[in-house]
1. In terms of the ratio Rg/(2.2 N^0.38 Å) built on C-alpha atoms, what value belongs to segment A:138-242?
2. Give the distance, in whole Å, between the Cα centre of segment B:1-73 and the Cα centre of segment A:346-362.
3. For residue B:173, place a label point 7 Å from Cα along the Cα-to-Cβ direction in every copy; what are the distances to the other copies, in nm, shortest first?
4. Take peptide A:291-303, look around each residue's Cβ out to 10 angstrom, count Cβ atoms belonging to other protein chains, and average those counts.
5. Per q in 0.20 1/Å, what log10 I(q)/I(0) does a Debye calculation on the alpha-carbon atoms of segment B:216-310 return?
6. Need one number: % antiparallel among DSSP beta bridges in the protein assembly as shown, to the nearest 5.
7. Restricting to Cα atoms and excluding each atom paired with itself, what does the Kirkwood estimate give for the protein assembly as shown in Å?
8. I'd like the distance between the alpha-carbon centres of segment B:274-316 and segment A:109-161, rounded to an integer number of Å.
């Protein structure tokens with residue numbers, strides 16, 4: 001019965017939903033590039049307007065130390081439970097731009113899939129919550145209080161939101177934080193993310209001579225900072241792909257054999273996985289499966305490297321500087337600040353005297369675990385059953401949403417990660433996309449979650 | 001006596017010499033960047049015009065497989081000896097452009113020094129020969145035949161000049177090839193370069209997954225091409241900074257202890273050297289001095305590296321590709337084609353199965369040795385004595401002028417490397433410069449070389 005009015009409402013408003021989402025996507029709100037500051041404010045203003053139109057009784061663009069936070073609420077009865085919806089309106093950079101088949105900020109639907117930066121992560125997924133809220137308001141089915149907090153700095157590690165939570169603890173009080181910023185195993189396999197990895201991210205700079213040198217006149221007698229950086233990076237993982245930073249694994253909790261068995265029951269087809277990425281072989285820490293390598297083990301990845309001559313043709317130069325952006329995904333019990341410091345100490349220690357090094361910690365966040373007996377988890381389970389006719393699978397994701405553990409620490413509230421993305425959505429990559437089916441299934445599932453959550457809690 | 005008319009001629013024409021040189025420098029003839037093709041032709045045309053104005057009886061812009069070659073001659077008597085002047089009108093790229101204090105192609109004199117790309121290498125030094133030629137013509141002192149061959153592809157390894165020599169063997173016949181494309185130890189220490197290193201230069205591409213991936217969802221399970229490239233580069237030199245490519249040292253001739261002793265008599269102040277480059281420690285092959293490391297030993301330098309996210313801020317990405325430009329300076333008996341192949345084989349062999357690699361050989365050249373009992377060497381010795389009141393020091397340079405060994409092979413003629421550059425000229429770097437004193441001393445010394453060469457040979 002409830003399904004019918006949901007399906008009807010969506011059917012009647014389908015095109016308007018897309019038009020509105022596309023308006024949001026067209027603003028290039030890239031948080032890591034300073035030039036886009038005005039776009040951040042523009043996006044926040046647009047969201048405020050949309051939340052008011054959807055039925056919020058109050059909506060505000062609130063200042064933070066960085067980009068503004070959009071807050072909105074609809075309190076129907078203070079004695080009823082409250083859901084706090086968290087999302088983010090900032091998006092990742094778009095380079096390499098030439099690999100996009102359509103411009104990243106001009107959303108386009110091809111074969112039932114929306115292509116655009118932010119189509120999934122996280123404009124598309126955040127927007128589902130606004131439309132589900134509108135649906136409940138307009139069909140008179142909102143069963144509890146709702147608050148929205150949509151920030152603009154998630155892709156750079158939410159540096160201001162911790163303080164924002166401290167400052168507005170009372171305002172942000174809720175019984176559960178509802179988040180759609182994760183994915184599903186497959187379109188027909190509903191998934192709740194119960195674990196997230198933490199993150200440490202550094203930029204390093206290695207300086208050799210004070211200026212670029214002629215590689216003939218000096219090559220062989222003066223340290224080349226690229227050669228040195230390559231050696232330093234190479235030394236940080238061993239022949240078994242274990243990270244060599246002293247103390248790095250100290251707080252990693254070894255997962256029991258029993259739990260590892262359960263984890264490996266999640267569907268994983270190695271050949272399909274390799275074919276999807278066009279790789280001939282997998283590569284990772286010895287003694288662990290691919291699911292374990294991304295779910296319960298930390299990683300060490302150079303996200304970017306540059307130095308010397310990178311233009312066309314051959315320039316024989318011994319460069320002055322080399323740079324790298326390096327990140328580690330951490331597992332829940334690892335403290336990201338401790339790891340950040342261990343890396344910095346180690347990197348500085350292994351630098352030979354012939355170069356100078358600088359380590360800049362760019363951002364970090366803790367991992368997170370969500371117990372599957374949480375009332376919100378149970379409510380979500382029922383909601384998914386109604387829409388997909390299947391119980392959701394609880395998975396530990398390799399990704400990081402650093403703010404989720406901050407919420408637990410600052411607000412004392414657990415988050416429920418009810419994501420509708422797919423692995424093929426290419427988030428953070430060229431041709432990010434979001435299938436319409438996922439978008440509408442999200443808008444269907446969310447009101448059902450509210451219904452069961454209000455009943456259970 | 002001869003000195004007087006030289007000094008007078010230079011004094012009277014000083015400003016015009018500079019005006020003409022600046023005209024040449026203002027054309028941005030960067031050979032490694034395809035967009036500058038029209039500038040190559042413009043520079044060649046300008047040189048032809050200048051050579052005719054200086055007194056050549058014939059000057060031509062001759063086609064080659066690449067950029068044109070400027071040829072000119074003045075045959076005063078076919079029975080007299082012939083000097084073939086070689087130079088190049090192409091220059092290096094200018095990035096990092098923001099480190100230049102004045103625009104690279106707008107020459108500027110500050111404190112008696114010309115600042116511009118090409119001020120020394122090799123427009124400034126080639127131009128000295130045109131003006132010395134003009135001086136000999138206008139003062140009636142040209143004692144022998146002169147030919148000029150000024151090419152436009154030296155900075156990319158002279159890929160077309162070998163064939164050009166084959167084709168025009170008769171035209172290019174001479175008794176010595178005179179080249180100013182090297183340097184002096186100090187403004188008061190005349191220097192003849194008697195050895196040059198060879199060169200091999202590669203670009204490598206390492207491909208992991210077929211697209212950039214989210215480093216959280218995939219990090220730890222999929223090979224990161226930057227991590228892998230760093231490991232591959234790191235493995236190519238050992239803890240003693242010896243190159244590990246199998247067979248790499250096979251043809252390196254170990255220099256005798258006696259010759260090593262002589263080599264190390266060249267002035268070298270380690271602290272001054274380190275201070276000039278702002279480095280705390282030298283770095284190179286174990287068991288050799290800095291002079292030996294650049295003079296008689298090969299090197300292995302990454303000239304450029306790039307991959308992944310290199311913009312502002314933090315982007316958590318597991319990139320699809322990583323690239324490097326890598327070069328080795330070779331010593332005279334090493335064959336650059338053999339080394340190029342050894343590297344390619346080794347690089348492909350050590351690549352793990354989780355990545356694909358491509359190796360592109362960009363260019364190469366042989367090393368060169370000039371005996372110090374050559375008549376031309378003796379003539380130069382006398383010329384330097386007249387101007388500097390000192391015998392020149394024979395040195396083995398770490399740099400490469402691949403075409404010099406090609407001349408020997410194709411034309412059967414030895415080259416005399418009579419360079420007037422200084423280490424502080426920052427060739428190939430931002431703020432390339434050339435002191436006026438070096439420029440005028442070059443124009444003084446060259447006519448004296450012709451005088452003694454015509455007498456000695």
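Please treat every number below as a calculation from the coordinates, not as lab data. From a predicted model like this one, the values you see are computed outputs, not experimental measurements. Positions of Cβ are generated from backbone atoms using ideal geometry, with glycine treated the same way; all protein chains shown enter the neighbour counts.
1. Dividing the Cα Rg of segment A:138-242 by 2.2 N^0.38 Å gives 1.92.
2. 47 Å
3. Its label point is 10.4 nm from the equivalent points in the other copies.
4. Details: counts 1, 2, 5, 7, 2, 1, 3, 2, 10, 4, 15, 14, 15.
Averaged over the peptide's residues, the number is 6.
5. Those come out to -1.13, one per q.
6. 70 percent
7. On the way: mean 1/r = 0.0323 Å⁻¹.
31.0 Å is the Kirkwood radius here.
8. 49 Å
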